[in-house]
Amino acid sequence: IATVIETWGSAPRRVGSQLIVSGDGHMEGSVSGGCVEGAVVLEALESLKDGKTRVLEYGVSDDDAFAVGLACGGKMRVLVEPVGKQMPQNLLQELVDAIAKHESVIYEINIKTLQRRLVYNDYEDRIRRDRSGFKEDEITFLNVYSPKLKIDIVGAVHIAQALVPIAEIAGFSPRIIDPRESFANRERFGSIEISNDFPDVALTKTKPNYRTAVILLTHDPKLDDPALHIALQSEAFYIGALGSKKTHQQRINRLKQAGFTEKQIDRVHGPIGLNIGASSPEEIAVSILSEVIATLRLVK
């Protein structure tokens with residue numbers, strides 16, 4: 001297993017990215033987008049032969065970076081671990097089982113002593129932000145494995161039809177919530193999860209957590225407001241509601257009347273989406289997903 005453990009400059013893959021190499025040279029995943037994969041595979045095969053863990057460092061030249069779509073090069077360090085020798089198979093199996101159960105787990109390794117363990121109830125901020133990397137000691141590497149990010153979309157409107165596919169491409173698992181079956185159906189949304197419950201019922205059955213974004217698109221207070229009440233009492237990392245500034249001010253007033261504090265209300269992004277001048281449903285969907293990602297990744 002090859003893992004990106006550190007990057008400088010415009011490295012092609014983020015810290016925590018992994019490449020799996022089998023003894024016959026087959027591979028899955030990526031550590032560089034293609035520019036150093038060949039060298040890493042050779043090192044991985046040698047690691048399988050001699051049973052030794054390696055820490056490799058590569059510089060990605062400007063020419064190689066351009067070939068994989070970057071404007072300039074960078075550097076990276078890659079950890080290569082042979083499974084079954086220095087990395088115990090039972091530890092790997094426990095990690096696989098945790099991922100299959102949708103549990104948050106961190107693989108911790110000291111790259112000097114090669115001591116390894118799995119951590120389940122620590123490093124909460126890293127888990128929330130999917131932030132793999134070294135501890136302050138600069139020798140203990142933490143690789144974060146978290147359940148898939150989810151987006152609950154209330155309102156099966158045209159913007160939702162554009163948002164669903166780009167959200168899936170970005171790695172999210174979307175769910176459409178709308179009691180109107182003429183809007184929320186397989187013909188319009190394919191095979192993704194669809195709930196025809198009222199939004200507050202759906203969000204109560206499967207309550208948003210810190211891996212969930214809640215997006216309200218109906219324009220109808222009878223549908224949006226009950227969902228908003230549930231979302232504001234949850235750990236959802238993002239809450240956004242469609243509507244003009246005037247509509248959003250009316251929404252704020254209703255929330256105040258319902259007893260929500262100013263701090264709680266400030267969690268609602270409205271009007272929804274980054275201000276990029278979007279006008280079409282497709283452009284608005286891009287602005288919404290951009291704001292969701294910025295909220296997740298740029299938290300101080």
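Which of the residues spanning the range 121-159 are of a type in the set (Asp, Glu) and open to solvent by 50 Å² or more (accessible area, probe 1.4 Å)? Selection gives Asp122, Glu124, Asp125, Glu136, Asp137, Glu138. You will find that of Thr295, Thr204, Thr247, the residue that is modelled with pLDDT of 95 or more and polar (S, T, N, Q) is Thr204 and no other. For the range 255-300, the set of residues classified as closer than 17 Å to Val157 by Cβ and part of a loop (DSSP other than H, G, I, E, B) consists of Gly270, Pro271, Ile272, Gly273, Ala278, Ser279, Ser280, listed by residue number. For the range 233-254, a residue qualifies if it is crowded, with 19+ Cβ neighbours inside 10 Å and assigned to a helix (DSSP H, G or I), and exactly one does: Arg251.
Among residues of the range 94-120 being touching a residue at least 40 places away in the same chain (Cβ under 8 Å) and not in a loop (DSSP other than H, G, I, E, B), the one that is most open to solvent (accessible area, probe 1.4 Å) is Ile99. Within the range 12-54, the set of residues being open to solvent by less than 40 Å² (accessible area, probe 1.4 Å) and touching a helix residue (DSSP H, G or I) at 6+ places or on another chain (Cβ under 9 Å) comprises Pro12, Leu19, Val21, Gly25, Ser30, Val31, Ser32, Cys35, Val36, Thr53. Take Gln86 and decide whether it is in contact with a Lys or Arg (Cβ under 9 Å, 6 or more places away or on another chain) and either at pLDDT below 85 or surrounded by fewer than 16 Cβ atoms within 10 Å (Cβ to Cβ) (or both). The answer is yes for Gln86.
Does any residue of the range 188-199 turn out to be open to solvent by 30 Å² or more (accessible area, probe 1.4 Å), assigned to a helix (DSSP H, G or I) and over 17 Å from Ile272 (Cβ atoms)? Scanning the range 188-199, I find at least one residue that is open to solvent by 30 Å² or more (accessible area, probe 1.4 Å), assigned to a helix (DSSP H, G or I) and over 17 Å from Ile272 (Cβ atoms), so the answer is yes.
Residues checked against (1) of a type outside the set (Gly, Ala, Ser); (2) out of contact with any strand residue (DSSP E or B) (no Cβ under 9 Å at 6 or more places or on another chain):
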site: Arg117; (1), (2): yes, no
site: Asn121; (1), (2): yes, yes
site: Asp125; (1), (2): yes, yes
site: Arg128; (1), (2): yes, yes
site: Gly133; (1), (2): no, no
site: Ile139; (1), (2): yes, no
site: Leu142; (1), (2): yes, no
site: Tyr145; (1), (2): yes, no
site: Ile151; (1), (2): yes, no
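Residues that are within 21 Å of the chain's Cα centre (by Cα) and of a type in the set (S, T, N, Q) were ranked within the range 102-140; the one that is farthest from Val80 (Cα to Cα) is Asn121. Which number in (1) under 15 Å from Gly273 (Cβ atoms); (2) part of a helix (DSSP H, G or I) marks the one condition that Ile151 misses? The single condition Ile151 does not satisfy is (2). Pairs linking a residue in the range 217-237 that is within 20 Å of Leu149 (Cβ to Cβ) to a residue that is part of a helix (DSSP H, G or I) and open to solvent by 40 Å² or more (accessible area, probe 1.4 Å), with Cβ atoms under 8 Å and 6 or more positions apart or on different chains, are Ala227/Asp200; Ile230/Asp200; Ile230/Thr204; Leu232/Gln264; Phe237/Arg128. Checked against (1) at positive phi; (2) open to solvent by 30 Å² or more (accessible area, probe 1.4 Å); (3) out of contact with any strand residue (DSSP E or B) (no Cβ under 6 Å at 6 or more places or on another chain), Gly9 meets all criteria but (3).
Go through the range 160-174 and count every residue that is part of a helix (DSSP H, G or I) and surrounded by fewer than 24 Cβ atoms within 10 Å (Cβ to Cβ). So that I can check it myself, show each step before the final result.
Of the range 160-174, the ones part of a helix (DSSP H, G or I) are 160-169.
Filter once more, so that each one left must be surrounded by fewer than 24 Cβ atoms within 10 Å (Cβ to Cβ): 161-162, 164-166, 168-169.
Residues in the range 160-174 being part of a helix (DSSP H, G or I) and surrounded by fewer than 24 Cβ atoms within 10 Å (Cβ to Cβ): 7 in total.
Among residues of the range 141-153 that are among the hydroxyl-bearing types (Ser, Thr, Tyr), those with a Cβ under 9 angstrom from a residue that is assigned to a strand (DSSP E or B), sequence gap 6+ or separate chain, pair up as Tyr145/Val105; Tyr145/Ile106; Tyr145/Tyr107; Ser146/Val105.
The values are calculated or read from the model by the stated rules, or taken from the named source; none is laboratory data. Note that the structure is predicted; figures quoted are calculated from it, not measured. Glycine gets a Cβ as well: all are built from the backbone with ideal geometry, and neighbour counts include every protein chain shown. For accessibility, only protein heavy atoms count, side chains too; no ligands or nucleic acids. Shrake-Rupley method; radii C 1.70, N 1.55, O 1.52, S 1.80 Å.
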